[in-house]
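Encoded as C-alpha cells, the structure appears first; notes follow it.
The values are calculated or read from the model by the stated rules, or taken from the named source; none is laboratory data. Computed from a prediction, not measured in an experiment: that's the story for all the values here. FYI the Cβ positions are ideal-geometry reconstructions off the backbone, even for glycines, and counts take in every protein chain you see.
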C-alpha cells in the first residue's frame, strides 16, 4: 500500500488505437474534470495489441490536446528513441512545452521485442539491448543539453552533434521532466544518473521493489537525491474497469511503497464510467 501520508497522483493512457480523435479529446476533457493529473499517448505506429492498424500518432495527438486542454499534464508513455533523432525530439518537445504552457512530461524507452515487428515493418531496425540502451542514454543527455538553448557539441557512440543551438527553449525549468520506462538495470542506471522518474509496467511488486532498492543505491553512489525522482506505475485495466474492488486488488498487488503516480490504460472500449471508478479506487489507497 502507498505511504499513508502521500496520495498518488493519477493519469490515464488515451485510446489512440480507436483512430477516433473526438473520443480521445472527450476522454482527455473528462480526465481533466475528474482531477486527473495527466493524460498520455502511447508512441506506437502500429500497436502490437490490435489488428486494426488505425492508431493515431503520439506527438500529433499531444500537440492537438495541448490546445484543447488547460490544466492536465500531457505526456508520452513512452516514446521509443529509435523512432526519432534526439535533435528532432528536442525541437518537438520544446514546441509542445511552449504550446501547452509548460505541461509536458516526456516518457522515453528503448522498445522491446513486442514492438520488433512494428519497427521493422516501418523500416526501422530492431537492434540489440546494448545499442537501444546506449541510444536512450545519449538521447537523455542530448535533450537536456539542447533544452538549455545554448550552442553545444556532443560526440557519442550513436549520435554526434556539432555546434548546435536549439533556440526554442521549453517553458519548464530546468527542463520538462523525463521519465524512463523499462525494467532492465541498465535503464535504471540512466535514471539514477540523469532521469527525473521511472515508470514500471507489468512487474510483480517484489520485482519493482528490487528495482527500487537498486535505484536507491545508484542514486546514493551518484549523490543524486532519490526522493526527487517520480516513481510511477502503469497497467492495463481492460478487464477490471467497472469493478472498483478488482481495481483495488490489482493496485495493491502491483504498486510498491515508493510509487507516487498511477497511470491506467483502459483500452479502446473505454467509457466515461471507467475514469470515474479508477479515480475512486486510487483515492482509497
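A few notes on this one:
- In the set (1) modelled with pLDDT of 95 or more; (2) within 16 Å of residue 136 (Cα to Cα); (3) surrounded by 18 or more Cβ atoms within 10 Å (Cβ to Cβ), residue 84 fails one condition alone, (3).
- Meets criteria (surrounded by 15 or more Cβ atoms within 10 Å (Cβ to Cβ) and over 21 Å from residue 77 (Cα atoms)) for residue 169: yes
- Among residues of the stretch 269-284, those that are in a loop (DSSP other than H, G, I, E, B) and buried (at least 18 other Cβ atoms within 10 Å of the Cβ), counted: 1
- Residue list for the stretch 33-57, filter: assigned to a loop (DSSP other than H, G, I, E, B), within 14 Å of residue 77 (Cα to Cα) and either modelled with pLDDT under 95 or within 13 Å of the chain's Cα centre (by Cα) (or both): 42, 43, 44, 45, 47
- Taking the conditions (1) buried (at least 20 other Cβ atoms within 10 Å of the Cβ); (2) in a strand (DSSP E or B); (3) without any contact (Cβ under 8 Å) to a residue 60 or more places away in the chain in turn, residue 162 satisfies each one other than (1).
- Cβ-Cβ distances below 7 Å connect the following pairs, each with a first residue in the stretch 121-146 that is on the phi < 0 side of the Ramachandran plot and crowded, with 16+ Cβ neighbours inside 10 Å, a second residue that is at pLDDT below 95 and not in a helix (DSSP H, G or I), and a separation of six or more residues or different chains: 132/111; 146/166.
- Test: residue in the stretch 234-248 that is touching a residue at least 60 places away in the same chain (Cβ under 8 Å), over 17 Å from residue 180 (Cβ atoms), touching a strand residue (DSSP E or B) at 6+ places or on another chain (Cβ under 9 Å) and crowded, with 20+ Cβ neighbours inside 10 Å: no
- Sole residue being within 30 Å of residue 148 (Cβ to Cβ) and modelled with pLDDT under 95, chosen from 111, 107, 75, 102: 111
- The single condition among (1) more than 23 Å from residue 139 (Cα to Cα); (2) modelled with pLDDT of 90 or more; (3) within 19 Å of the chain's Cα centre (by Cα); (4) surrounded by fewer than 21 Cβ atoms within 10 Å (Cβ to Cβ) that residue 196 does not satisfy is (1).
- Residue 228 being modelled with pLDDT under 95, surrounded by fewer than 15 Cβ atoms within 10 Å (Cβ to Cβ) and within 30 Å of residue 279 (Cα to Cα): no
- Residue match in the stretch 66-76 (condition: in contact with a helix residue (DSSP H, G or I) (Cβ under 7 Å, 6 or more places away or on another chain) and under 20 Å from residue 158 (Cα atoms)): no
- Pairs are defined by a Cβ separation below 7 Å, a sequence spacing of at least 6 or placement on different chains, a first member in the stretch 1-29 that is at pLDDT below 95, and a second member that is part of a strand (DSSP E or B); the pairs so defined are 8/261; 8/262.
- Of the residues making up the stretch 110-120, those that are touching a residue at least 24 places away in the same chain (Cβ under 8 Å), assigned to a helix (DSSP H, G or I) and closer than 13 Å to residue 83 by Cβ number 3.
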